[in-house]
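The values are calculated or read from the model by the stated rules, or taken from the named source; none is laboratory data. None of the values given here were measured: they were computed from a predicted structure. Positions of Cβ are backbone-derived with ideal geometry, glycine not excepted, and every protein chain shown enters the neighbour counts. Remember, those area values only see protein heavy atoms, side chains included, never the ligands or the DNA or RNA. Shrake-Rupley method; radii C 1.70, N 1.55, O 1.52, S 1.80 Å.
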Number of protein chains: 6
Amino acid sequence: MSERFDRGVAAINDLGGGYEAIFEPMADIAPDLSRFVAEFAFGDLYTRPGLEPPERQLLTIAALVALGGVEAQLKFHIGAALNVGVPPAKVVETIYHCLAYTGFPRTVNAMRIAKSVLADRGLLPV
Amino acid sequence: MSERFDRGVAAINDLGGGYEAIFEPMADIAPDLSRFVAEFAFGDLYTRPGLEPPERQLLTIAALVALGGVEAQLKFHIGAALNVGVPPAKVVETIYHCLAYTGFPRTVNAMRIAKSVLADRGLLPV
Amino acid sequence: MSERFDRGVAAINDLGGGYEAIFEPMADIAPDLSRFVAEFAFGDLYTRPGLEPPERQLLTIAALVALGGVEAQLKFHIGAALNVGVPPAKVVETIYHCLAYTGFPRTVNAMRIAKSVLADRGLLPV
Amino acid sequence: MSERFDRGVAAINDLGGGYEAIFEPMADIAPDLSRFVAEFAFGDLYTRPGLEPPERQLLTIAALVALGGVEAQLKFHIGAALNVGVPPAKVVETIYHCLAYTGFPRTVNAMRIAKSVLADRGLLPV
Amino acid sequence: MSERFDRGVAAINDLGGGYEAIFEPMADIAPDLSRFVAEFAFGDLYTRPGLEPPERQLLTIAALVALGGVEAQLKFHIGAALNVGVPPAKVVETIYHCLAYTGFPRTVNAMRIAKSVLADRGLLPV
Amino acid sequence: MSERFDRGVAAINDLGGGYEAIFEPMADIAPDLSRFVAEFAFGDLYTRPGLEPPERQLLTIAALVALGGVEAQLKFHIGAALNVGVPPAKVVETIYHCLAYTGFPRTVNAMRIAKSVLADRGLLPV
């Protein structure tokens, strides 16, 4: 694979894993989709200078809350935020912040996902 | 007005102004809407501990890129990000980051708005 | 044309006109689109029993605020709400109500459109 | 708690309950989120004059259908609509009305949620 | 029923069935919703000249990927695409194509639905 | 630049140009954004086998109609569709098709953009 791919996989590994659960199912239908995730989303974008991984995780959470309907991705990226050292309270605060821009339903749904991730790790109460 | 209102207005002022252009037009139709912005969006949410104003501005930009169709708000919050000390390159990087989550059209549109804000302030090229 | 078409056009006329400005441009590219609006949106749906035109206008406004990016339709339907007797304050209140579900940006943008419609009719301040 | 909080809780109780199922899970992760729902969504917005609770429930349903991906909230607000005296047929008619603005998929999904709420209460067929 | 209805039902049947699973539940709550699907979505729109059923299925998949939160409809229309002769690889390629416009989360979610449909039919690996 | 870049630029050129108007403004703020469009959107995705350029243009239009708020991109891709030999009537039919999935407002707005593109090329009436 390319240097972009290796760089992207390294970035994904730095986020602490769990990605396989999302992308392994792509192996027999769309293997290039996992490759694009590694090469483009992580190799090209995520590893750019100017933002640190914890910052990128919070931005990702904000974008996903606004997008709606992307529970699996929210779950992965909240977990990854914790893995790169974002304190649970800061994840929670990021979701609160979205309230003004996306309204209560999307925000409440995101907070419930955050709760499930934090509960699985024994990090409740925040 | 309430302490929440005063706290919110102070937070808005700390972002460097320009807000009047968005909310003054509400005076003769929905004055409580401006009040709710000050009291709730800024007084209750924005001034919570746990995230600093520069971080909140980047989160806001990410949420607005994902939301789409909110050009006036993107323009205001990109300007406010600069006002609270976010370097132009970091605003740009935040928009790049959204590419993976929201696709090219929303991202390109947001970057064009960022360009107009930066151009108005003589901050180009980044 | 069909009975559905005639019923739909009558419903549109009852809303007070202005629809031509949206659909006349369709005549040389997609005339069936205007026909579907008349037959389906108005002839089939709008004229069903169980909700009165003023109620339908308020529901339409709420759906359009949540949808985002549909300024021309918001403008038409706010005007139509006024035409069927909805008081300006109730249009405004409907937009306020959306704040909890769609966040500030979409709501503020909708209120600005409401303001332009009310201003054009000399109905400000509310 | 504040007068806004008490007023909001009273408004929620007037909708007939069931809210705890959505917000109790927030107690150990984001207790202020439930507080903001009570204070802002219900205390500030819902209790404003100009729209009655049954009207607000129908508007809420229309906004949620358009928003998409907010099944838990649709379920709660359809139930609340019934609790404040909206006839089942009017809930159904509100969802039909959204067809013109949000297309078939979002509308059909909303109707299926309405069906589950009505079935649980023995209110089918409508 | 009308000629439009019969034409629509024939078009649905040509897609290979499975539609009953979505619309049968509407019988006791909103029977006209199924009728509108047959009459309008299929009788009026789907059977228009200018696009063949396989093309329409691919367009539908692209629109549903972009819409988000419409899993049941994606599942039906991916199955229908296969039923009208679209090769599995072309369904997959359509979802890949959406990556540029809708970002990774919506695309990955759609690909997982495609995988479940293809797996049920023993069509994996593609 | 890379082979991916060259392949992408060639694909863009095959679409008949006009892209510069969208991406030239990125030169002094986010030059990598144009590069990613060329490398990823066109070099990686667009040139994959399995779908021909005319098919890809129709899929793109459907996704953009559903996305909403992306007028500049709709304008470019409708023009590009014509450039690669899609008959005007087929562009129009693609937008009609979206009516069932995205509702009238997004569809009508897209048809108005199609009209402006077709009018500029003297292709009306369709």
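Is there a residue being assigned to a helix (DSSP H, G or I), modelled with pLDDT under 95 and more than 11 Å from chain F (Cβ to nearest Cβ) anywhere in the stretch B:81-90?
Within the stretch B:81-90 (the criterion being assigned to a helix (DSSP H, G or I), modelled with pLDDT under 95 and more than 11 Å from chain F (Cβ to nearest Cβ)), the answer is no, since none of the residues qualifies.
List the pairs whose first member sits in the stretch F:29-44 and is at negative phi, whose second member is at pLDDT below 95 and among the small types (Gly, Ala, Ser), and whose Cβ atoms are under 7 Å apart, counting only residues at least 6 apart or on separate chains?
F:38/F:8; F:39/F:2; F:39/F:8; F:42/F:8; F:42/F:11; F:43/F:8
Could you list, in sequence order, the residues of the stretch F:33-55 that are away from chain B (no Cβ under 14 Å) and basic (Lys, Arg)?
The answer is F:48, and nothing else.
What about residue E:24, is it among the acidic types (Asp, Glu), more than 14 Å from chain A (Cβ to nearest Cβ), open to solvent by 50 Å² or more (accessible area, probe 1.4 Å) and farther than 22 Å from residue D:93 by Cα?
no
Pick out the one residue from F:74, F:33 that is outside the structural domain of residue F:13 (by TED's automatic domain parsing) and of a type outside the set (Val, Ile, Thr).
Matching residue, one of F:74, F:33: F:74.
Looking only at the stretch C:112-126, count how many residues are at the interface with chain B (Cβ under 7 Å from one of its Cβ atoms), among the aliphatic types (A, V, I, L, M) and open to solvent by 20 Å² or more (accessible area, probe 1.4 Å).
2
Quick grid of which residues meet (1) assigned by TED's automatic domain parsing to the domain that holds residue C:124; (2) surrounded by 24 or more Cβ atoms within 10 Å (Cβ to Cβ); (3) within 14 Å of the chain's Cα centre (by Cα):
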position	(1), (2), (3)
C:66	yes, yes, yes
C:81	yes, yes, yes
C:85	yes, no, yes
C:94	yes, yes, yes
C:99	yes, yes, no
C:110	yes, yes, yes
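Looking at (1) touching an Asp or Glu at 6+ places or on another chain (Cβ under 8 Å); (2) under 28 Å from residue B:40 (Cα atoms); (3) not small (Gly, Ala, Ser), which is the only condition residue A:88 fails?
(1)
Based on this model, can you work out whether residue F:75 counts as touching a residue at least 24 places away in the same chain (Cβ under 8 Å), of a type in the set (D, E, K, R) and within 24 Å of residue E:106 (Cα to Cα)?
So residue F:75 passes the test.
Taking the conditions exactly as written (touching a helix residue (DSSP H, G or I) at 6+ places or on another chain (Cβ under 6 Å), within 7 Å of another protein chain (Cβ to nearest Cβ), over 17 Å from residue B:70 (Cα atoms) and assigned to a helix (DSSP H, G or I)), does residue C:59 satisfy them or not?
So residue C:59 fits the description; yes.
For the list (1) of a type outside the set (Asp, Glu); (2) within 12 Å of chain A (Cβ to nearest Cβ); (3) over 16 Å from residue F:61 (Cα atoms); (4) within 14 Å of the chain's Cα centre (by Cα), I need the number of the one condition that residue E:105 fails.
(4)
Among the numbered criteria (1) crowded, with 21+ Cβ neighbours inside 10 Å; (2) facing another protein chain (nearest Cβ under 7 Å); (3) closer than 30 Å to residue F:66 by Cα, which single criterion is violated by residue D:74?
Unmet for residue D:74, out of (1) crowded, with 21+ Cβ neighbours inside 10 Å; (2) facing another protein chain (nearest Cβ under 7 Å); (3) closer than 30 Å to residue F:66 by Cα: (2).
Between a residue in the stretch C:5-21 that is open to solvent by 40 Å² or more (accessible area, probe 1.4 Å) and any residue that is in a loop (DSSP other than H, G, I, E, B) and modelled with pLDDT of 90 or more, which pairs come within a Cβ distance under 8 Å, given they are 6 or more apart or on different chains?
C:7/C:47; C:14/C:84; C:16/C:84
Out of the residues in the stretch E:45-62 that are free of Cβ contacts under 8 Å to residues at least 24 places away in the same chain and over 21 Å from residue F:51 (Cα atoms), which is most open to solvent (accessible area, probe 1.4 Å)?
It comes out as E:49.
I'm trying to understand the selection: among the residues of the stretch F:96-121, which are touching a residue at least 12 places away in the same chain (Cβ under 8 Å) and charged (D, E, K, R)?
F:106, F:121
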